[in-house]
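The values are calculated or read from the model by the stated rules, or taken from the named source; none is laboratory data. Values in this document were obtained by computation on a predicted structure and should not be read as measured data. A quick note on method: Cβ atoms are made from the backbone with ideal geometry, for glycine too, and the neighbour counts reach across all protein chains shown. Quick note on the areas: whole protein, heavy atoms, side chains included, nothing else; ligands and nucleic acids left out. Shrake-Rupley method; radii C 1.70, N 1.55, O 1.52, S 1.80 Å.
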2 protein chains.
Amino acid sequence: MATAVLDTLDAQGLRMTGPRRALVEALVERQEAFTAEELMQAVPAVGRATVFRTIKLLVDSGLVCRMSQVDGRPLYSLSHQGHHHHALCQRCGAVLDIYRCGIDTMLENIELATGAKVLGHRLEVFVLCPACVAAADESPPAKQLA
Amino acid sequence: MATAVLDTLDAQGLRMTGPRRALVEALVERQEAFTAEELMQAVPAVGRATVFRTIKLLVDSGLVCRMSQVDGRPLYSLSHQGHHHHALCQRCGAVLDIYRCGIDTMLENIELATGAKVLGHRLEVFVLCPACVAAADESPPAKQLA
DNA sequence: GTTTATGCAAAACATTTGCATAGTC
DNA sequence: GACTATGCAAATGTTTTGCATAAAC
């Protein structure tokens with residue numbers, strides 16, 4: 001599982017070091033979105049600087065995507081494939097991928113309506129995931145990513 | 001022009017102080033998006049803390065909307081009406097409002113496809129505005145919000 | 001006169017960087 | 001052995017906070 005990610009790094013000519021291995025394994029293990037701080041807590045042996053450097057490296061490699069939370073702070077998750085968007089569950093922290101979002105049509109309409117040329121976009125959707133919709137009535141929120 | 005904004009603050013029981021007036025006027029004067037820092041530079045007489053406090057207050061009042069730049073840093077602009085999105089020109093900093101974006105249909109589809117309940121969303125579109133599309137071939141980028 | 005807002009300076013955060021050391025290839 | 005990555009600690013940049021003062025209602 002983590003191997004695929006590590007292979008990609010290898011293919012990019014990056015060195016396979018202990019810290020990188022440990023960070024990638026931590027990410028794969030918890031199939032969830034994470035903040036830089038959470039990742040530092042998950043792998044305390046690795047220094048802050050390396051965590052930030054590695055996150056940046058993974059984002060640049062396209063292996064991790066950066067999203068933003070409601071308050072604007074950055075959140076990351078392993079990127080699964082191609083261009084897509086995310087729905088962040090506000091209760092449990094789950095991240096749902098959205099592939100067929102129909103945004104391309106939307107962007108075309110924007111170009112037509114405004115005359116602007118679309119260079120890129122970012123869409124964040126804040127949701128309650130199905131499990132949390134079901135659970136929301138019974139138990140209190142358990143939002144805890146750490 | 002600035003009056004409408006000030007009236008809204010007044011209606012919310014907030015005091016009409018010199019600094020607030022000055023900040024709101026600065027915002028209205030430059031009909032453009034701004035960062036906290038730019039606003040501080042525009043009204044140097046007002047202290048940092050007050051600038052941040054006032055921005056927050058305006059965002060909470062719905063008078064200003066917070067968006068994010070490509071790098072994730074926050075950008076603000078006077079909000080014109082209702083729910084809408086923004087297209088940020090990457091060359092000149094212009095902000096185009098997008099009202100009829102068709103995103104509601106998209107969100108409904110997301111709910112159907114994933115079973116999640118959509119609580120909210122944020123869409124940022126990064127563009128070249130029409131003027132910049134025209135100018136891009138001739139002159140070099142002049143991105144300068146300050 | 002009471003309550004709220006301001007300014008300043010300091011604190012709190014999050015992220016980045018310089019540089020010597022250690023690890024990979 | 002050459003080059004890259006790491007760790008630490010310090011620097012950076014931005015936003016927040018405490019508290020005494022000043023302004024608004």
Of (1) within 9 Å of chain A (Cβ to nearest Cβ); (2) modelled with pLDDT under 75, B:Ala116 satisfies all except one. Which? (2)
Pairs under 8 Å by beta carbon, first residue more than 14 Å from chain A (Cβ to nearest Cβ) in the range B:38-52, partner assigned to a loop (DSSP other than H, G, I, E, B) and near DNA strand C (Cβ under 10 Å from one of its atoms), six or more apart or different chains? B:Met40/B:Val46; B:Val51/B:Val43
How many residues are open to solvent by less than 20 Å² (accessible area, probe 1.4 Å) and within 11 Å of DNA strand C (Cβ to nearest atom) when one looks only at the range A:35-62? 5
Residues in the range A:20-32 that are near DNA strand D (Cβ under 8 Å from one of its atoms) and touching a Gly at 6+ places or on another chain (Cβ under 8 Å) total 0
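A quick yes/no check of all residues on (1) assigned by TED's automatic domain parsing to the domain that holds A:Leu39; (2) assigned to a loop (DSSP other than H, G, I, E, B); (3) at pLDDT below 75; (4) surrounded by fewer than 17 Cβ atoms within 10 Å (Cβ to Cβ):
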| residue | (1), (2), (3), (4) |
| --- | --- |
| A:Gly72 | yes, yes, no, yes |
| A:Leu88 | no, no, yes, no |
| A:Arg91 | no, yes, yes, no |
| A:Leu112 | no, no, no, yes |
| A:His121 | no, no, no, no |
| A:Pro141 | no, yes, yes, yes |
So B:Met67 fits all but one of (1) within 30 Å of A:Lys56 (Cα to Cα); (2) within 12 Å of DNA strand D (Cβ to nearest atom); (3) within 14 Å of chain A (Cβ to nearest Cβ); what number is the exception? (2)
